[in-house]
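Step one of this worksheet: look at the structure below.
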Amino acid sequence: MIDLYYWPTGNGLKVGILLEELGLEYRLLPVNIREGEQKQASFQRISANGRIPAIVDHRTETPLSLFESGAILNYLADSAGQFLPPAGSAARQKVQEWLFWQVGHITPYLSQLQLFKEKAPEPIPFALDLLNAEATRLYGVLEQRLAEVPYVAGEYSVADMAIFPWIQPLRQGQALADYPHIQAWRLRIKARPAVQRAYAKGLEVAPGERSLALQ
């Protein structure tokens, strides 16, 4: 059994998608970040950074706890031998390249854009101009890649699962009509039963979360 400490944000959803794709038995343990539950000492003993998602894998002789979504995706896919090519292969490095791109660029910039657009008490033009420009650049990088391959690393992988929940064009000031390859990629992923199950479980936990809108 795997415990998933979770809230249905972009980072929470990516791990939920992988668990559904792998068909692993897991228990969903909501951590309501809107109420500050991630700051509780009991959760921070599992996630030292005080952020979701985190897992505890009880299948190991000594339960293993992990935080950081990229590390969790790598661990689960590696242990299952799915959605992550073998160690040492060029294909694996390509998956890692795009997974690290998501962790290092997509989440930081798009989450900040959403924050300034949706939460700031008044518009801050400098921040909005900078973040809107970076969002457009990142969408362009993804569009160019998907013009070459059906999935970011060639085959469907944890890299796609990591990026997909963060591509929320209406929240990020982007028009999907400008990105036909992203649009086609999103439709392919949205059609996957595991993705639909992951989003359905998210809606059960927090139906009002904006990240759950499959635009």
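The values are calculated or read from the model by the stated rules, or taken from the named source; none is laboratory data. As the structure is a computational prediction, the values presented were derived from the model and not from experiment. Here Cβ is always computed from backbone atoms with ideal geometry, including for glycine, and neighbour counts include all displayed protein chains.
Can you name every residue in segment 113-168 that is part of a loop (DSSP other than H, G, I, E, B) and crowded, with 22+ Cβ neighbours inside 10 Å? Talk me through it step by step, then tell me what you get.
Taking segment 113-168 as the starting set, the residues that turn out to be part of a loop (DSSP other than H, G, I, E, B) are 119-124, 147-150, 152, 156-157, 167-168.
Scanning segment 113-168 gives VAL152, SER157, ILE167.
Report whether or not PRO169 is outside the structural domain of ILE33 (by TED's automatic domain parsing) and either farther than 22 Å from GLY70 by Cα or at pLDDT 95 or above (or both). Considered against the rule, which asks whether it is outside the structural domain of ILE33 (by TED's automatic domain parsing) and either farther than 22 Å from GLY70 by Cα or at pLDDT 95 or above (or both), PRO169 comes out as yes.
Exactly one residue out of LEU131, LEU110 is more than 25 Å from GLN196 (Cα to Cα) and out of contact with any strand residue (DSSP E or B) (no Cβ under 7 Å at 6 or more places or on another chain): that is LEU131.
One line per residue, one yes/no per condition, for (1) in contact with a strand residue (DSSP E or B) (Cβ under 6 Å, 6 or more places away or on another chain); (2) aliphatic (A, V, I, L, M); (3) in contact (Cβ under 8 Å) with a residue 40 or more places away in the chain:
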position	(1), (2), (3)
VAL152	no, yes, yes
TYR156	no, no, yes
ALA159	yes, yes, yes
TRP166	no, no, yes
GLN174	no, no, no
GLN183	no, no, no
VAL195	no, yes, yes
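Only a single criterion out of (1) under 20 Å from ILE163 (Cα atoms); (2) without any contact (Cβ under 8 Å) to a residue 60 or more places away in the chain; (3) not basic (Lys, Arg) is not satisfied by SER47, namely (1).
The criterion of being farther than 17 Å from LEU212 by Cα, at pLDDT 95 or above, assigned to a loop (DSSP other than H, G, I, E, B) and not small (Gly, Ala, Ser) does not hold for LEU4.
Just the residues that are without any contact (Cβ under 8 Å) to a residue 40 or more places away in the chain and on the phi < 0 side of the Ramachandran plot, please, taken from segment 57-74. Hits for segment 57-74 are THR60, GLU61, THR62, PRO63, LEU64, SER65, LEU66, PHE67, ALA71. Looking at segment 128-150, can you tell me whether even one residue there is small (Gly, Ala, Ser) and under 20 Å from ILE33 (Cα atoms)? Checking segment 128-150: not a single residue is small (Gly, Ala, Ser) and under 20 Å from ILE33 (Cα atoms). Condition check: modelled with pLDDT of 95 or more and either within 24 Å of TRP185 (Cα to Cα) or outside the structural domain of ASN49 (by TED's automatic domain parsing) (or both). Does SER65 satisfy that? In short, no. Across segment 49-92, the number of residues qualifying as more than 29 Å from GLN172 (Cα to Cα), assigned to a helix (DSSP H, G or I) and not hydroxyl-bearing (Ser, Thr, Tyr) comes to 7.
Here GLN215, GLN174 are screened, and the one residue that is at pLDDT 95 or above, assigned to a loop (DSSP other than H, G, I, E, B) and either surrounded by 13 or more Cβ atoms within 10 Å (Cβ to Cβ) or over 15 Å from the mean Cα position of the chain (by Cα) (or both) is GLN174. Every test in (1) part of a helix (DSSP H, G or I); (2) of a type in the set (A, V, I, L, M, F, W, C); (3) more than 30 Å from ALA90 (Cβ to Cβ) is passed by ALA194 save one, and that test is (3). Within segment 43-77, being more than 21 Å from HIS105 (Cα to Cα) and of a type in the set (Asp, Glu) holds for ASP57, GLU61.
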